[in-house]
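In what follows, a single structure is set out as structure tokens and then discussed.
The values are calculated or read from the model by the stated rules, or taken from the named source; none is laboratory data. All values derive from a computational prediction rather than experimental measurement. No Cβ is skipped: glycine too gets one built from the backbone with ideal geometry, and neighbour counts run over all protein chains shown. Remember, those area values only see protein heavy atoms, side chains included, never the ligands or the DNA or RNA. Shrake-Rupley method; radii C 1.70, N 1.55, O 1.52, S 1.80 Å.
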Amino acid sequence: MKDRLVSPQMSEEEQLIETSLRPHRLAEYIGQEKIKQNLSILLEAARRRHESVDHVLLYGPPGLGKTTLCNIIAAEMGVSMKTTSGPAIEHAGDLASILTGLQPGEVLFIDEIHRLARAIEERLYSAMEDFALDVVIGKGPGAKSLRLSLPPFTIVGATTRVGALTAPLRDRFGAIYRLEYYEVSALESILTRSAHILKVPAEADGIREIAGRARGTPRIVNRLLKRVRDYAQVKADGVITRDVARAALDILEIDEIGLDQTDRNMLLSIIQKFNGGPVGLDTLAASTSEDTETIEDVYEPYLLQLGFIARTPRGRVAMRAAYEHLGLTPPTSLWTAIP
């Protein structure tokens, strides 16, 4: 999965380059217009009251800008940001160390917040609600509970699986925003900005060709830009035109709607091995040599968005659009049961 060019996950090597391409202010952020509008009001209200921003939960598929928005929240409020993740906070002492080290108004970004251990999550409740942390000192009958006061701060949680959050934790976020896949026009604007930063000459048709194959995801569109740039420098005159972009992406086996060979293999597995489905998630994972979490969090969201697959109580089903895209004829009996 790490080798997939259209994977929305970010590799360690990409972190430095992606940081240089990220917008640093809300006015620079492209796309997600509803979130930008609501977030601008939230930030301005907090600034006028001289308070920390209410806790914010961002959810949606990976690669859509959750981390970038958190950085923007901190920048707009003029405070620093600390970053951690759900799996990294293993013990109550880890949480206490992080929270007691926060400065007034500071932003704490918790990635994969749905993976917080239940015991850690319960200790977070009072911190988010009352800005206080209950610490147990000692063990057994002599143990004492001590309440530590914390300065006001903001937690920004990010998750790809909002349904995995418990209701008590979700309810403690004052603002909850869902990030949607980007329109091609928004991706074109992002590409134009990134090409300018990277000093890559690109024509409008070339930009449009890349944007159309980027699966509605800014992280992927920037990655494709860099690979097409390489092709243009080696095989052409360095300028990204429509023909250059198309040739480069064809070589990389990324089709006109952004599917790669891994996507096509998964669809073909459902269609050919399991007669179009339904097929259970565990069975599908075994047949494609992928784990269930990767299928649910990485592969499925975009295929569901395209209407290529459907989730049913009995398992995953390939839809008519998937057959047509692959040049296959759907069985008539399947569509009488599943419209």
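Taking the Cα atoms only, what angle lies between the long axis of helix 118-130 and the longest principal axis of the chain, rounded to 10 degrees? Helix 118-130 sits roughly 60 degrees off the main axis of the chain.
Note on region 293-315 and region 65-124: Cα centroid distance 30 Å, given to the nearest whole angstrom. For Thr217, nonlocal amide neighbours, meaning residues 5 or more places apart or on other chains whose placed amide H falls under 5 Å from its own, are Tyr182. Full extension of the chain between Ser145 and Arg118 yields a length gain of 7.8 nm, computed as 0.36 nm times the residue separation minus the alpha carbon distance. Dividing the summed -39500 (n - 2.57) terms of all DSSP H runs of n ≥ 4 by the residue count of the chain sets its mean residue ellipticity at 222 nm at -13000 deg cm²/dmol.
Sequence-ordered 3J(HN,Hα) estimates for region 264-269 from the Karplus curve with 6.51, -1.76 and 1.60 and θ = phi - 60° stand at 5, 5, 5, 5, 5, 5 Hz, glycine and proline given as x. Solvent-accessible area of Leu42, all protein chains in place: 40 Å² (probe radius 1.4 Å, heavy atoms, ligands and nucleic acids excluded).
Computed extension gain for Ala236 through Val184, at 0.36 nm per residue and net of the alpha carbon distance, reaches 16.2 nm. Across all directions, the average flat footprint of the convex hull enclosing the Cα atoms of region 230-339 is 8.0 nm². Remark: region 174-274 carries 45 Å² of accessible area per residue (probe radius 1.4 Å; ligands, DNA and RNA excluded). The smallest convex shape that holds all Cα atoms of the chain, its convex hull, gives 159 Å³ per residue. Expressed as an acute angle from 0 to 90° and rounded to the nearest 10, what is the orientation of the C-alpha long axis of helix 66-77 relative to the principal long axis of the chain? Orientation of helix 66-77: about 50 degrees from the principal axis.
Within the chain, the longest run free of trypsin sites (Lys or Arg not before Pro) that sit in a DSSP loop with at most 11 other Cβ atoms within 10 Å is 200-313.
Roll a 1.4 angstrom probe over the protein heavy atoms and tell me the percent of accessible area of the chain that is carbon or sulfur.
Details: 8270 of 16600 Å².
Reported share for carbon and sulfur atoms: 50 percent.
With all protein chains in place and ligands, DNA and RNA left out, the 1.4 Å accessible area ranks His325, His196, His50 as His50, His196, His325, largest first.
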